[in-house]
1. What is the Cα coordinate range of segment 96-239 on the first, second and third principal axes, sorted by size from largest, in whole angstrom?
2. How tilted is helix 46-59 with respect to the longest principal axis of the chain? Cα atoms for both, answer in degrees (0 to 90, nearest 10).
3. Please report, in debye to the nearest 20, how large the charge dipole of segment 70-187 is about its Cα centre when each Lys and Arg carries +1 at its beta carbon and each Asp and Glu carries -1 there.
4. Just the number, please: percent antiparallel of the DSSP beta bridges in the chain, rounded to the nearest 5.
5. How large, in percent, is the carbon and sulfur part of the accessible surface of the chain at a probe radius of 1.4 Å?
6. Per residue, how much accessible area does the chain show when a 1.4 Å probe rolls over the protein heavy atoms, in square angstrom?
7. Please report the accessible area of W248 (heavy atoms, 1.4 Å probe, ligands and nucleic acids excluded) in Å², nearest 10.
8. What is the distance in Å between the Cα centroid of segment 45-120 and that of segment 129-207?
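The values are calculated or read from the model by the stated rules, or taken from the named source; none is laboratory data. Just so it is clear, the model here is predicted, and its values are computed rather than measured. Glycine also receives a Cβ, built like all others from the backbone with ideal geometry; neighbour counts cover every protein chain displayed. Just the protein is used for accessible areas: all its heavy atoms, side chains included, with ligands, DNA and RNA removed. Shrake-Rupley method; radii C 1.70, N 1.55, O 1.52, S 1.80 Å.
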Amino acid sequence: MYTVGVCIDEAYFVPALTTLTSLADSHPAGDLKSVGVRVLTADLSRGRAETMATVVARLGFGSFDIAWHPTDRWQVVSCDHISATTYLRFAFTADFVGDDHLIYLDADLLVLGDVAAPLGSLRPTRVALVQDELVATVGRGGALPGVVDRWPEFRGLPYFNAGVMWCPTGLLSRLNRSVTRIMAAAGQHIHFNDQDALNLWALHEGAVVPAPPAYNRFELDRFEDGAQSRARAGTPVVLHFVGPDKPWQPTCPGTDGVRLYRSYLRQAASLVSRAKDPTAGMPWQ
């Protein structure tokens, strides 16, 4: 079927389990037996890795594996709430994933429907991404500084959010090598870290199939007056809590989306507690 991949550091241990809890809740239990979970990290403790394996099994997923990778070669350019762990998306390999497709998920989102649907039309040489809601095209906002001056033909092309990515595992090696080369040759154009690196690859390779907006919908009510929130049709399949204000933080405004997130957060916390992990402090404590 497919394997889900997440990249986390210690701070995102419980949020990642919250994302996986929502994913499990959105699928029939029997379907999850063919879905694996793969985790890349630089600093997660062995104890927490064991707890994560226990929780993933209790959620009903078919397999779990974790690997540790250094992040020294990656540099965070902007966004204080992001660590170099975000670049580990470029360290997934076909052997580690162990399936035909990888669905990469950021650890600050909820899955509320069938996240695998975009795989149905995905070719072996393409990845699927959702166009960014706030920076929709190249040449807008702070993304990819200087790119349109260097490559004017890229102006106005879609700019994609990297929070969810559907990728054939046969493409991973090529993707990872290409991104490494691109960052060495065009690192001055990186602002939004791994997301800009992925978009540089997309622009040069032309290898992205746009997925529908519902598959990476931003939770924007934390930043807007609810009465002024933009009208966006349909129910999100993935609800993404972008920005520094995260729903597991006590200071985060209690919007409908945040309240929904916290209901899954409580479920994840309960599963961690049942795993009897004495090292697992909750992020809101």
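1. If we take the Cα atoms of segment 96-239, the spans are 45, 39, 23 Å.
2. Helix 46-59 and the main axis of the chain meet at about 80 degrees.
3. Numbers: 10 positive and 12 negative charges, 110 e Å.
Dipole of segment 70-187, to the nearest 20 debye: 520 debye.
4. Working: 12 of 33 bridges.
Just about 35 percent of them are antiparallel.
5. Values: 6110 of 11980 Å².
Carbon and sulfur: 51 percent of the exposed surface of the chain.
6. Numbers: 11980 Å² over 285 residues.
Each residue of the chain exposes 42 Å² on average to a 1.4 Å probe.
7. About 20 Å², rounded to the nearest 10.
8. 20
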